[in-house]
Structure formats: structure tokens, C-alpha cells
Amino acid sequence: MVGLKEELLKSIWHAFTALDLDRSGKVLSHNLCTVLNVPHDPVALEEHFRDDDEGPVSNQGYMPYLNKFILEKVQGNFDKVEFNRMCWTLCAKKNLSKSPLLISDEDAFKVWVIFNFLSEDKYPLIIVPEEIEYLLKKITEAMGAGWQQEQFDHYKIALNTGREGLSAWELIDLIGSGQFSKGMDRQTVSMAINEVFNELILDVLKQGYMLKKGHKRKNWMERWFVLKPNIISYYVSEDLKDKKGDIILDGNCCVEALPDKDGKKCLFLIKCLDKTFEISASDKKKKQEWIQAIQSTVSLLRAGSPPPHKEARQKRKELRQKLLAEQEELERQMKELQAANENKQKELETVRKQLEAAAARAAEEEKKRLQTQVELQDRFSLELEREKMVRQKMEEQVAQKSSELEQYLQRVRELEEMYKQLQEALEDEKQARQDEETVRKLQARLLEEETAKRAELEKWHLQQQQTIQMTEAEKQELENQRMMKEQALQVAMQQLKQLELERKEALEQYEEVKKKLETAANNTKSWKDKVAHHEGLIRLIEPGSKNPHLITNWGPAAFTEAELEERQRSWKGKKATSE
């Protein structure tokens, strides 16, 4: 998918650079989605091309959209020729030369597609002289003409003096000018370009007319066969309009030569997993060419290798990269050698200057040495005279020193006596130091005992500190418990306040019910009075209850004494609870 993406990018780059994206970016994206069979995403397209300052109407802005929403979704199920023709249509009018060419627009389109296949993987796209030579050789061989190497070498020298290679439009002008196809008519050049296009772009490894035996009728029909890296297609004619079938090739296929039979010659057999195809070539040479081509294709399928022209292009590119790396390494080494040579020259120049300076200094020093020698000779003569005078004075001083020496020896004897006295004093001092050492050891032992006692006191102190810390921890735990109890007390107080509010509400409800009962009692009394007035205080005698009933001023009570006592106890209990 990476190689496919690179091939697509080259054609899109031509269309992209030829358009004004402010006006045509959406059109390009829509056309790409159509020819590449990629689902349209209008929302993403409109969002990406919104009309504001952040809109991606630049090379850097459009490429992320192209990669994310189009190229990453390409599956390979599209017509490459149709895709290239769409990109060609968008860029050819702007870039194609206006001068008349010896090739048609269709041939120019095929050269443009071949350029995209052979160009380098860097932008702006160019085709290097090695690939130009390869393409011109292929076209010349397809025309059946001889290759003019000397002529191309002159052209290559002129080209290398100016730049690295040609653009697509300059390559079209070169082939269309007829510079390397002199003596050939337009039709021959067009057929050669078409043959190279079929091989490099459409992966046509071989094509031609042969007879094929039918599977049902067993009759022989002439068909136009086209061999590609993984398939052999056969058509009614070479215009490729009426396709009759395909022979799918894989690593399990094989091809065998057959003896002549049924009046058919130059027979060979293609065996696949599900079918076998008998084919008759026009002559033995064609038969051998087709067998060899099919066997090579099956071998490539087994090895998982690309088609020969793609593999050759990759090898040429790797060779160029290797040569370029070697050239860069050579240039680097030359630069290093040049820099080392310059450094050596500088070092030699420095040494030469140092030698000249040393020679000058040596001459100057020799001159000074001679001058110093003359001055030393004069000074030596003066010193010699002075030495004689000094010697006389020294002899006089020696005599004086002899007497002083006697006095000195006497002083030495006195000093030896004093030395003996000092030795005795040193012995006394040594004994005093030994006594002092004994006292010091005693003090050291006392100090060690004091240190041990202090360590024990420190240990007791640490234990006291730990005890204090444990007491503090217990105190902190009691404080936490007290805080928890205070919090529980606050919660209980809040609940008590809530119960007080509920008791007040119950009392208010009780007062309301009491008022309603009084109102109902008054209404009942009024009604009783009216009944008594109308009926003349006549009471009906009814069957009485077995349980004794309370009698009020208005008649039998609604509750018995037991029920009234039970209700009274219930009200008192509620009142005590609320209080």
C-alpha cells in the first residue's frame, strides 16, 4: 500500500500544483473520491475547506486531508488509467507546451504516466538522466531502431551542466521533438510509446494472437492474449473491447509443451487448479517465448517477487542511491583530505616561520654572546686584581680567626658540660611524662565509665519519651472519642429538635381537631333542639346494648367507658413523648 500511495501522490501532485485550491480544491477532492472508489465524506470536505483563516488552502493544509480522508481509504479496486487521465486533464492544459509536437495528446499522456513511474520520490518531481536513457532505449527498441549512445552522451553532458534532471513536460517535449526518433513516422513512435506504456504501467509482460481450444465445443478460436503478473486475459481482438475470459495464475500453475495433434502445431498446455487450457502458437519461436514468459511469471509468483520492470526500476534506484552514497562518501573523504592538506600546509608555514624566527634569535644570541665574552674578559681582569687584594686581606683575617678559634673551643667545652646537665634534666622529664601517662589512662577509664552511665541515662530518657508518646497517643484517642460523642450528641440534639417540631405540629393538629369537634358538637346540639321542638321531646325506644353506655345531655355517648379510658391513656402517652 505504501508503493501504491507514492504512485498516486505523484499524479495528484501534478493536478494539485496546477489548480487554485481556493476555487478548485473541492473539485479535485470530489474527482479523486470518484475515480479511486472512495466513499464521499461531504461533512469532512466542507469542514476542511471552510472559508476562514484556518482553512487548509496550502500545500501543508491539503496533504493531511488527502492522506486521512482519501489515500488511507484506497483499496486498489480502481482503474489506474482513468485515475491518471483525470489528473492529466487537470494539469495538461496549463503545463503542456504550445509548440507542435510529433506525438499526439494521447501519446503525451502515456509519456506523462511513464514519467510518474520512473521519476524520483522527491518533489518537485524530476526524472534523472539514467532513467531518461532507460526510457529512450525502450522506445528505440520498440521502434526497431538502433540506439545512438554517443548522441545521448552529448545530450547528457549538456543536461548535467544545468540541473539534475527533467520535469514531466520537458520529457514530453524531448520525446515529441523527435530528437531521438529521427527517420521514424508518427505511427511507429506512437506504437512504441504504447508498447512501453503497456509494459511499465499496465504490467503487460507479453501479448499476441494465438489459438485457444474451447472447453465445451472443443473448437479452436483465435484470441488476443495479454499476460500480466498474475493473470492471462484473452480478447476477441487487440482493441481489448470484447473480453472472453481470464486464466488466473498462481504458484501452483505450470505450463507444458504438447506434441502436434489434430492438425494443430506449436501446442502447449497451461495447467491451473480448476482448469486446463490448450493453446496453439503461430510458430515454434512464439511458442517458446510464451512458455518461457509464463514460466517466469509463475516463478515470480512463487517467490513473491514484483514484475521484472518494477524490480529493475528498484535495482536501478538502489544502484543510484549506492553510487550517490559512495560519491558523497568520496566527496567527504576529499574534503577531509583537503582540510588535512590545508592543515598540513598551515603547520608547515608555521614551522617555517618558527625556524626563521629561531634563526634570527640564534644570530641575535650569537652577537650577544660575543659581546658578553669581551665584557667578561675585561671583568675577569678586574676581578683578578681585586682577588689579589682580597687574598691579602683574607690572610690577615685568618690570623685573627685563629685566636677566635681558641676562644670558640673553650666555649664548646662549656657547652658539652651543659649538654650533660640537659641529659639529666631530660631523664627527669621522661619519668614525669610516664607518671602523667598513668594518670591519663586512669582519667580515660573514668571517662569510659561516665560515657556508659550517660548511655544508660539516654536509654532511660528514650524510654520515658516513648512512654510520653504512648500517653499522648492515648490522649489523642480519648480526644477523638470525645469528638465522636460530641458529634453524636449534636446529632441527637438535632433529632430532639426535629421531634419538638413534630410535637408542636401534632399539638396544632390536635387543637384543630378539637375545634372541629366543638363545632360539630354545637351543630349537633342545635339539631337536637330543633328535633325536640318539633317532636315534643318524644324519644323512640330502641333495643339497648348489652354493655352499659354513657348517657350525656344529648343522649347515649358514641364510646364506652373502656374505649374512652384507652383513648385518654393514648393521648397522655403522645403528650409525654412530645414533651
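Note that the chain presents 73 Å² accessible area per residue, ligands and nucleic acids not counted, probe 1.4 Å. In this calculation the C-beta distance from LEU415 to LYS459 is compared with R0 = 45 Å, giving a FRET efficiency of 0.10. In this simple spin-label model, placing a label point 7 Å from the Cα along the Cα-to-Cβ direction at both GLU427 and THR467 gives a separation of 6.3 nm. Determine the distance separating the Cα centre of the range 78-147 from the Cα centre of the range 189-235; give it in Å without decimals. A separation of 23 Å, based on Cα centres. Can you give the net charge of the other residues whose Cβ lies under 14 Å from the Cβ of ALA492, counting K and R as +1 and D and E as -1? Neighbour charge sum, excluding ALA492 itself: 0. On the beta carbon distance between LYS182 and SER305, with R0 = 45 Å, the FRET formula returns roughly 0.75. Mark the label point 7 Å from the Cα of LEU446 along Cα→Cβ and return the residues of the range 403-434 whose backbone N is within less than 19 Å of it. The answer is 433-434. As a size descriptor, the averaged projected area of the C-alpha convex hull of the range 1-202 was calculated at 12.1 nm². Spin-label model, LYS216/LYS244: points 7 Å from Cα along the beta carbon direction are separated by 1.4 nm.
3J(HN,Hα) along the range 257-264, derived from phi through the Karplus expression 6.51 cos²θ - 1.76 cosθ + 1.60 where θ = phi - 60°, amounts to 7, 10, x, 5, 7, 6, x, 9 Hz, with x in place of Gly and Pro. In the range 138-277, the C-alpha radius of gyration followed by the widest Cα-Cα span (Dmax) gives 20.8, 66 angstrom.
The relative contact order of the range 1-202 comes to 24 percent, based on Cα pairs under 8 Å that sit 6 or more residues apart.
Note on THR34 and GLU256: with the Förster distance fixed at 60 Å, the Cβ-Cβ geometry gives a FRET efficiency of about 0.85. A simple spin-label model places the labels of GLU474 and ALA506 4.6 nm from each other, with each point 7 Å out along Cα-to-Cβ.
Taking 0.36 nm per residue of separation and subtracting the Cα-Cα distance, full extension of the segment from ALA312 to GLN568 would add 80.6 nm. In the chain, helices alone account for a calculated mean residue ellipticity at 222 nm of -25000 deg cm²/dmol, with every DSSP H run of four or more residues adding -39,500 (n - 2.57). Carbon and sulfur atoms: what percent of the 1.4 Å accessible area of the chain do they account for? The value for the chain is 53 percent carbon and sulfur by accessible area. The alpha-carbon positions of the chain define a convex hull whose volume is 882 Å³ per residue. For LYS346, the lysines whose Cα comes closer than 21 Å to its Cα, not counting residues fewer than 8 places off in the same chain, are LYS335. Taking 0.36 nm per residue of separation and subtracting the current Cα-Cα distance, fully stretching the chain between ASN230 and GLU518 would add 92.7 nm. Using C-alpha pairs under 8 Å with a sequence gap of at least 6, the mean separation divided by the residue count of the range 220-337 gives a relative contact order of 16 percent. Normalised by 2.2 N^0.38 Å, where N is the number of residues, the C-alpha radius of gyration of the range 280-386 stands at 3.19. Electrostatic tally near ARG482: other residues with Cβ closer than 13 Å to its Cβ, Lys and Arg +1, Asp and Glu -1, net -2. At each listed q (0.11 Å⁻¹), what is the log10 of I(q)/I(0) that the Debye formula gives for the range 206-306 modelled as equal alpha-carbon point scatterers? Scattering profile of the range 206-306, log10 relative to I(0): -0.30. Using the Karplus relation 6.51 cos²θ - 1.76 cosθ + 1.60 with θ = phi - 60°, the per-residue 3J(HN,Hα) values for the range 149-158 come to 5, 4, 4, 5, 4, 4, 5, 5, 4, 5 Hz, with x marking Gly and Pro. The residues neighbouring LEU300, those whose beta-carbon lies less than 12 Å from its own, together hold a net charge of 0 under the Lys/Arg +1, Asp/Glu -1 convention.
With contacts taken as Cα pairs under 8 Å and at least 6 residues apart, the chain reaches a relative contact order of 6 percent.
The values are calculated or read from the model by the stated rules, or taken from the named source; none is laboratory data. All figures in this text were calculated on a predicted structure; none of them were measured in a lab. Using ideal geometry, Cβ is built from the backbone for each residue, glycine included, and neighbour counts are taken over all protein chains shown. SASA here: full protein model, heavy atoms, side chains in, ligands and nucleic acids out. Shrake-Rupley method; radii C 1.70, N 1.55, O 1.52, S 1.80 Å.
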